[in-house]
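Down below is the structure, laid out as structure tokens.
Any read-out appearing in this document is the output of simple, stated calculations on the displayed coordinates, not a laboratory observation. On a predicted model such as this, the values are computed, not experimentally measured, just so you know. Glycine gets a Cβ as well: all are built from the backbone with ideal geometry, and neighbour counts include every protein chain shown.
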Amino acid sequence: MEPKPIRFNDASAYERYMGKWSQLAGEAFLDWLAPGPGLRWLDVGCGSGAFTEMIVSRCAPKSIDGIDPSEEQVAFARTRPGLQHGTFRKGDAMALPYADDAFDAAVMPLVIFFVPDPAKGVAEMARVVAPGGLVSAYSWDMPGGGFPYAALREGMRAVGINPAIEASSDASRIDVKRQLWTGAGLTGIETREITVQRTFTDFDDYWQTILGGPSIRARFDTLDASQIETIKSLMRTRLPADAQGRITYSARANAIKGFVK
């Protein structure tokens, strides 16, 4: 049985939960890509449009399209000031509703481990990008502990809850990404690691942020007070505050890029 697609439907909560992390990693990712201006871009799994807006502000695209399985996320992306001239639609990364060679660059930011069949997703990006065009992605190193909320996942496991929501976490590994890009016939493949940091005002700021994560609040609603306190205690130990009460920690992503023949 194929895994069910993941849906992130609370766009504003997801923006606080992951949009900020996406922007931090996205800055380093775009520095590494160093794309030229005037390209036709496609953002696959655009979500709330956090990374899409960065493409517009930094890459001077000729056009920008975004696609996501969540209508709520797509609607949120359309409200961003920098995306008023973008085109957004609901759709499936494994069956992109675009013609062959329709774009010059396709990117999948923090998405590939949610795609039930990553090989199909990469092949679809390669199909819709014209010869010589760029196909790229970056994703949190899930197996390597690079996910921004790794402490939360550990805390949930401690009370007997499986925190995994990704469909194919191995696709976040650099070696697997290389296989996917090679399998799609892409050339000039390069990879790199990206490490970023984020600071929360205090533990309550962190806690309220994680409650906006996909399915997190719903899962917490099934726990009793002692289980939640166990999770909090473990996270406080893992994420000590500084003298001002702030919490700062790192996350690590794996990035890849290649070109269509």
Using R₀ = 25 Å, calculate the FRET efficiency as 1/(1 + (r/R₀)^6) where r is the Cβ-Cβ separation of A218 and Y249; round to 0.05.
-> 0.50
Give, in nm to one decimal, the length gained when the segment between D242 and A60 is fully stretched (0.36 nm per residue of separation minus the Cα-Cα distance).
-> 61.6 nm
Shape of region 178-256, Cα gyration tensor, a/c cut at 1.5 | oblate
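Under the classification rounded if a/c is under 1.5, otherwise prolate if a/b is larger than b/c and oblate if not, where does the chain fall, given a ≥ b ≥ c as square roots of the Cα gyration tensor eigenvalues?
Prolate.
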What is the gain in length, in nm to one decimal, between L211 and R192 on full extension, counting 0.36 nm per residue of separation less the C-alpha to C-alpha distance?
-> 3.8 nm
Distance from the Cα centre of region 182-238 to that of region 56-119, in angstrom?
-> 23
Efficiency of FRET between Q179 and W32 - r from beta-carbon atoms, R0 35 angstrom, step 0.05 = 0.95
Subset of K62/K90; K120/K232; K62/K120; K177/K232; K20/K257 violating a 29 Å alpha-carbon distance limit | K120/K232; K177/K232
